[in-house]
1. So, of the residues in the stretch 177-209 that are within 30 Å of Glu302 (Cβ to Cβ) and hydroxyl-bearing (Ser, Thr, Tyr), which turns out to be surrounded by the fewest Cβ atoms within 10 Å (Cβ to Cβ)?
2. Out of (1) away from the ligand (no atom under 11 Å from the Cβ); (2) charged (D, E, K, R); (3) more than 23 Å from Ala219 (Cβ to Cβ), the odd one out for Lys303 is which?
3. Just one of (1) over 17 Å from Ala42 (Cβ atoms); (2) part of a helix (DSSP H, G or I); (3) open to solvent by less than 30 Å² (accessible area, probe 1.4 Å) trips up Thr174, so point out which.
4. Give the stretch 141-169 a look and list any residue that's open to solvent by 20 Å² or more (accessible area, probe 1.4 Å) and closer than 19 Å to Val118 by Cα, or say none.
5. Looking at Leu240, Leu271, which one is within 12 Å of the ligand (Cβ to nearest atom) and at negative phi?
6. Taking the conditions exactly as written (more than 23 Å from Tyr22 (Cβ to Cβ) and surrounded by 14 or more Cβ atoms within 10 Å (Cβ to Cβ)), does Asn137 satisfy them or not?
7. What number goes with the only condition from (1) closer than 24 Å to Ser213 by Cα; (2) in contact with a Ser or Thr (Cβ under 7 Å, 6 or more places away or on another chain); (3) away from the ligand (no atom under 16 Å from the Cβ); (4) not aromatic (Phe, Trp, Tyr) that Val246 does not pass?
8. Do any strands (runs of 3 or more DSSP E) entirely within the stretch 331-396 hold 3 or more residues that are assigned by TED's automatic domain parsing to the domain that holds Leu271 and crowded, with 18+ Cβ neighbours inside 10 Å, and if so, which?
Amino acid sequence: MLSGKNVLLAITGSIAAYKSAYLIREFIKKGAQVKVIVTEAALQFVTKVTLSTLSKNPVYKDFIKNEETGQWNNHVDLGSWADLMVIAPATANTISDLVSGKGNSFLLTTFLSCNAPVFVAPAMDLDMFKNKSTQSNIKILSERSVEIIEPTEGELASGLEGKGRMEEPDQIVTIISEYFLNKATLKNINILISAGPTYESIDPVRFIGNHSSGKMGFALANEAQKRGANVELVSGPVNLETPENVIRTNVKSAQQMKKEITDRFKNIDVLIMSAAVADYKPVKEYDNKIKKQEAELNIVLEKTPDILKDLAKIKKKQVVVGFALETENELENARQKMKRKNLDAIILNSLSDNGAGFGYDTNKITLITPSENRKFELKTKDLVAKDILNFIEECI
Ligand code: C5P
């Protein structure tokens, strides 16, 4: 359940901080990416070099990254990068700050910005742990949906015996994996996603294509696998890495995409066609490169098969979602398209907003269903993917 997940590990000033090195390794062994935040006090126990070497990422401590240039670390970006945040070890002091909503350290502002699940693994001496303030702070965090990983009983750094030892790293990872297993909202669901453009050959050298980057479809595939779905991605020519746990098939033309998607259709639960499939292709594909001769060159085009329409016609249990990119009467045209193609929903991409559409990392969508139009703000494509998959979850 942790494969491909972005883990933000925050380390505070407790002797148990030495175990954080093992914790990073456990997460990485499970296929997660780890970024580390430390407090000043944590650096009394572990070094940045150890943590950055193990996590293969720079370690964050302060808001300012470079005093000379004014470059700063962005807590908001880091908070939205994370699929989960773990504060381990968490001292009584940090736990109290988390409750107060303070923002006077990089760790605290990142915690306040983070919408992902947060796990807190307390580590302190037994009396500090038993203290009513600590207990009341832990209770408040728990009521605010922060997951508390209870410390264990045993020998403490003070020489005393009791409850206060941070849970062992392998146990922390098991507890977090189980949490995600229980939240795997798309477990056993087979999702097929198409992405990218198609290339329709004119001759061995030229083709008709479009500017689709494939980023939206890849973000959808990544989010779906994080939610436990079995994900297949049929992609046109794009320059993107396959997300973890996703089976990818590459195609070039609309005809090839149709074949790959049709072959799989009867075994899937959800089809999301985010590919920008060419609507027309040359009637004739020349065997040799067309020579430059006349002032004009006419290429006759014919319609490609409408993959989405053809499959939605024969859908049974499948949820089928398409994308639309309109330049005029956007909402009305997209709604008509949804009806014409017999879809459960259509995602209207806006081209009229800065930062939305082809090539950008952000998108602004309206999710159109037979009963409503849901408008969303401009967001990263990763966050747009979450909105779309929340809708898919409602459907199934
Ligand atoms: O009709 P239009 O091309 O605007 O519809 C866009 C939607 O239809 C997208 O979801 C796209 O993936 C799909 N489509 C298709 N086959 C085509 C053209 C578009 O599946 N030949």
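The values are calculated or read from the model by the stated rules, or taken from the named source; none is laboratory data. All values reported here derive from a predicted model rather than from experimental measurement. Every residue, glycine as well, gets a Cβ built from its backbone with ideal geometry; the counts of neighbours run over all protein chains shown. Keep in mind that these areas ignore ligands, DNA and RNA; they rest on the heavy atoms of the full protein, side chains included. Shrake-Rupley method; radii C 1.70, N 1.55, O 1.52, S 1.80 Å.
1. So, considering only residues that are within 30 Å of Glu302 (Cβ to Cβ) and hydroxyl-bearing (Ser, Thr, Tyr), the one surrounded by the fewest Cβ atoms within 10 Å (Cβ to Cβ) is Ser201.
2. (1)
3. Thr174 satisfies all of (1) over 17 Å from Ala42 (Cβ atoms); (2) part of a helix (DSSP H, G or I); (3) open to solvent by less than 30 Å² (accessible area, probe 1.4 Å) except (3).
4. Passing the criteria: Ser142, Glu143, Arg144, Ser145, Glu147, Ile148, Glu150, Glu167, Glu168.
5. Numbers: Leu240 fails: within 12 Å of the ligand (Cβ to nearest atom).
Exactly one residue qualifies, and that residue is Leu271.
6. Numbers: more than 23 Å from Tyr22 (Cβ to Cβ): yes; surrounded by 14 or more Cβ atoms within 10 Å (Cβ to Cβ): yes.
Yes, satisfied.
7. Checking Val246 against (1) closer than 24 Å to Ser213 by Cα; (2) in contact with a Ser or Thr (Cβ under 7 Å, 6 or more places away or on another chain); (3) away from the ligand (no atom under 16 Å from the Cβ); (4) not aromatic (Phe, Trp, Tyr), the one that fails is (2).
8. On the way: elements: 345-349, 365-368, 373-375.
The strands (runs of 3 or more DSSP E) meeting that bar are 345-349, 365-368.
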